[in-house]
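Notes for the one structure printed next.
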Amino acid sequence: MAPSNTNPVAVADEVLQKSRVTVVGSGNWGSVAAKLIASNTLNINSFHDEVRMWVFEDTLPSGEKLSEVINRTNENVKYLPGIKLPKNVVADPDIEHAVKDANMLVFVTPHQFMEGICKRLIGKIRKDAVAISLIKGMEVKKEGPCMISTLISEILGISCCVLMGANIANEIAVEKFSEATVGYRENKEIAEKWVRLFNTPYFMVSAVQDVEGVELCGTLKNVVALAAGFVDGLDMGNNTKAAIMRIGLREMKALSKLLFPSVKDNTFFESCGVADLITTCLGGRNRRCADAFARNGGKRSFDELEAEMLQGQKLQGVSTAKEVYEVLSHRGWLELFPLFSTVHEICSGRLAPSAIVEYTEHSARLPLL
């Protein structure tokens with residue numbers, strides 16, 4: 001038998017250089033993201049097979065811990081029932097343990113929890129770690145809006161890309177064809193690594209150099225989806241819904257470019273832009289809950305509808321609408337964005353759902369960009 005020419009030092013170096021991935025979040029979309037990623041880490045040599053998934057621990061009606069059930073059955077029975085996760089997905093309820101060896105962090109939690117999560121991770125992650133955010137939302141601070149990718153970068157001191165797109169999680173879970181967009185700043189090599197990690201024959205991923213544009217598309221479309229849901233709940237028809245979607249896209253683009261002049265027009269024609277807006281206004285959770293809100297004449301709160309309809313998932317659009325309203329109010333832009341303003345006023349009970357098509361009486365004094 002011929003002697004092996006394998007250099008043990010070279011093998012050790014290769015193992016050390018392999019990227020380790022942790023998904024921070026285990027809801028509906030987080031579980032689907034882990035499924036996508038884990039199917040690729042098994043087949044791409046530059047990644048370790050194992051994908052850790054941080055689980056916010058929960059006790060199921062059976063008395064079992066959610067993380068233990070996921071690891072025993074390879075299924076997130078609470079947030080993604082009926083879908084088997086690859087065996088190399090390991091649920092971990094200890095966030096510090098979940099991230100400690102990873103140099104690629106995938107954040108996918110409700111946006112309102114991110115600041116607290118990042119602060120818990122200070123000093124707990126690898127110095128060479130990079131991140132990607134799948135989170136749709138923003139933090140509003142006194143100095144202005146802070147995108148979630150910026151929050152991650154500033155608190156943890158690491159590079160952060162974003163991934164957004166026309167991505168209803170349950171459809172991707174059963175491997176129906178879909179697209180997504182990675183937004184990056186300067187480092188195209190890191191962006192391409194994220195593309196390789198997520199891209200599959202049924203989930204086509206491309207990259208654009210426009211973090212803020214990609215992220216704002218993913219954030220603001222949830223506000224437009226609420227408007228589309230109000231229209232559906234009031235049985236106003238497809239023409240009205242199409243008009244609301246068009247006006248919403250115009251306001252998305254205008255606000256994005258006012259906040260970040262570097263945002264590129266072409267980004268709105270990527271999956272993260274018009275495609276995500278369309279799918280969210282047709283089938284997303286924000287549209288569904290807004291439809292129910294309007295059918296009940298605004299008499300049932302969104303908190304109540306969320307608890308009843310979403311099985312523990314969080315509704316992002318209502319909090320985003322409030323955050324957007326705060327930005328517009330602070331900067332004196334309310335009259336420039338009548339659709340965004342009206343959505344928040346309906347959600348907060350100041351206006352009836354029917355006001356969604358009456359806002360033109362208070363239309364913008366200045367043309368949108």
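Within a Cβ distance under 12 Å of HIS344, other residues only, what is the Lys/Arg minus Asp/Glu net charge? Charge balance in the 12 Å sphere: -1. Residues within the reach of a label modelled at GLU186 (point 7 angstrom out along Cα to beta-carbon, backbone nitrogen below 14 Å), restricted to segment 143-172, are 158-160. Using a cut-off of 22 Å between Cα atoms, the listed pairs LYS176/LYS241; LYS127/LYS188; LYS193/LYS314; LYS35/LYS314; LYS18/LYS188 include LYS176/LYS241; LYS193/LYS314 as exceeding that distance.
In this rough spin-label picture, where each label sits 7 Å from Cα along the Cβ direction, the ARG120-ASN296 distance is 3.0 nm.
When the helices of the chain are scored as -39500 (n - 2.57) per DSSP H run of n ≥ 4 and the total is divided over every residue, the value at 222 nm lands at -14000 deg cm²/dmol. The DSSP beta bridges internal to the chain are antiparallel in roughly 25% of cases. Relative to the longest principal axis of the Cα atoms of the chain, the long axis of helix 338-347 lies at roughly 80 degrees. When both segment 283-356 and segment 96-122 are represented by their alpha-carbon centers, they are found 28 Å apart. For GLU179, project a label point 7 Å along Cα to C-beta. Then give me every residue of segment 250-273 with its amide nitrogen under 16 Å of that point. Residues 265-273 qualify, since their backbone N sits under 16 Å from the label point. Which one, GLU251, GLU215, GLU189, has the greatest fluctuation when you compute a Gaussian network model over the chain with C-alpha springs under 10 angstrom? Looking only at GLU251, GLU215, GLU189, the biggest GNM fluctuation is shown by GLU189. In terms of its C-alpha gyration tensor, segment 166-229 comes out oblate, because a/c is 1.5 or above while a/b does not outweigh b/c. Once the C-beta distance of GLN17 and SER262 is scaled by a Förster radius of 41 Å, the resulting FRET efficiency is 0.75 to the nearest 0.05.
Per residue, the convex hull around the alpha carbon atoms of the chain comes to 152 Å³.
Between SER354 and SER206, what length in nm is gained on full extension when 0.36 nm per residue of separation is reduced by their alpha carbon distance?
This chain segment gains 49.4 nm when fully extended.
Placing pseudo-labels 7 Å out from each Cα toward the beta carbon at LYS322 and ASN45 gives an inter-label distance of 5.2 nm.
Can you tally the net charge around GLN316? Count Lys and Arg as +1, Asp and Glu as -1, for every other residue whose Cβ sits under 9 Å from the Cβ of GLN316.
Numbers: positive: LYS136, ARG285, LYS314; negative: none.
Once all neighbours under 9 Å are counted, the net charge is +3.
For segment 119-216, trypsin sites (Lys or Arg not before Pro) are listed when DSSP marks them as loop and at most 11 other Cβ atoms sit within 10 Å of their Cβ; the list is LYS127, LYS142, LYS176.
Throughout, read-outs are computed from the coordinates displayed, never taken from laboratory work. These figures come from a predicted structure and were not determined experimentally. Quick reminder, even Gly has a Cβ in these numbers, built from the backbone with ideal geometry, and neighbours come from all protein chains shown.
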